Amino acid sequence: MAITNASMAAKKRILAVCVRLFLDKGYTRTTVAEITKTAGVSISTFQNIFRAKDGVLNELVEFMFSNQFGAARKLAGADVPPVYVYAVETALQLVLTERNENLRDIYLEAYTQSETAEYIHKHTAAELMSIFGAYLPDYTESDFYEMELGSAGIMRGYMARKCDMYFPLERKLRRFLSMSLRAYRVPEEELEKAIRFVEGLDVRTISEQVMQELFNMLAVRFEFPLEATDMEQEKTT
């Protein structure tokens, strides 16, 4: 369907509703019927714009992942090694999924569904090449895409496994970064410095700030307000 003023307005309403419902209930527990009723649109209008619920997820994931490395660069600082940016960006994903169960649900779906996962892999592969190209000078973007398939699988597994007293968040971050940075052939001394850099940050507070900033940007793009309660965080494990 061609995007008209009316369909763009409907799209914005749907996205506004989905952001709130996904944050309140999680992606999997939100139904299309619930979305259309709350947004005041028909099922056919929804399907013409997004095809299915995963079409909404695609839109939100593309926005989030296109901005996450930028947020990590801003946090890490201009003068730090590129590997620190990767360490911060991946740490933020893991922290966010521990802070909020509904965000965990959204991220797990993003890494599971084929279309959204493919976007993540391709987008991340380009970032990986710019970050780790110096350690793997003979690798092409296609090589980094293949590496990303593996590291993303580990990421999804770590997201799905909730932290507890035996596997606290700090241990999860160190374990993931140790494995992934070794895979990209980061020397041990640099690897340890990158991990310690992340451990020196207040990642819990920073993760909340980053997600609030991302959703504020999303609200501006699609012209809807976010209530303060939309970004309330659940208790940290």
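Some observations on this one:
- Helices (runs of 4 or more DSSP H) wholly inside segment 39-107 that include at least 1 residues being among the small types (Gly, Ala, Ser), open to solvent by 40 Å² or more (accessible area, probe 1.4 Å) and within 23 Å of Lys11 (Cβ to Cβ): 43-50, 53-76
Yes or no, residue by residue, for (1) modelled with pLDDT under 90; (2) closer than 21 Å to Leu191 by Cβ; (3) touching a Cys at 6+ places or on another chain (Cβ under 7 Å):
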{"position": "Glu62", "(1), (2), (3)": "yes, no, no"}
{"position": "Gly70", "(1), (2), (3)": "yes, no, no"}
{"position": "Arg73", "(1), (2), (3)": "yes, yes, no"}
{"position": "Pro82", "(1), (2), (3)": "no, yes, no"}
{"position": "Val85", "(1), (2), (3)": "no, yes, no"}
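- A single member of Arg221, Arg196, Arg185, Arg204 is touching a residue at least 40 places away in the same chain (Cβ under 8 Å), farther than 23 Å from Ile106 by Cα and not β-branched (Val, Ile, Thr), and it is Arg185.
- Residue among Leu201, Leu226 that alone is part of a loop (DSSP other than H, G, I, E, B), surrounded by 15 or more Cβ atoms within 10 Å (Cβ to Cβ) and at pLDDT below 75: Leu226
- In this entry, Arg174 passes the filter for residues that are closer than 20 Å to Leu191 by Cα and either open to solvent by 70 Å² or more (accessible area, probe 1.4 Å) or not in a helix (DSSP H, G or I) (or both).
- Enumeration of residues in segment 177-195 that are exposed (fewer than 13 other Cβ atoms within 10 Å of the Cβ) and farther than 16 Å from Thr90 by Cα: Arg185, Pro187, Glu188, Glu189
- Segment 12-35: number of residues that are surrounded by fewer than 20 Cβ atoms within 10 Å (Cβ to Cβ) and of a type in the set (Ser, Thr, Tyr): 2
- For the residues Ile35, Ile106, Ile14, the requirement of being at pLDDT 90 or above, farther than 18 Å from Leu173 by Cα and under 14 Å from the mean Cα position of the chain (by Cα) singles out Ile106.
- So Thr112, is it within 24 Å of Tyr27 (Cβ to Cβ) and surrounded by 14 or more Cβ atoms within 10 Å (Cβ to Cβ): no
The values are calculated or read from the model by the stated rules, or taken from the named source; none is laboratory data. Model, not experiment: these values are computed from the prediction. Methodologically, a virtual Cβ is constructed for each residue, glycine included, from the backbone with ideal geometry; neighbour enumeration extends over all protein chains shown. Surface areas here come from the heavy atoms of the whole protein model, side chains and all, with no ligands, DNA or RNA. Shrake-Rupley method; radii C 1.70, N 1.55, O 1.52, S 1.80 Å.
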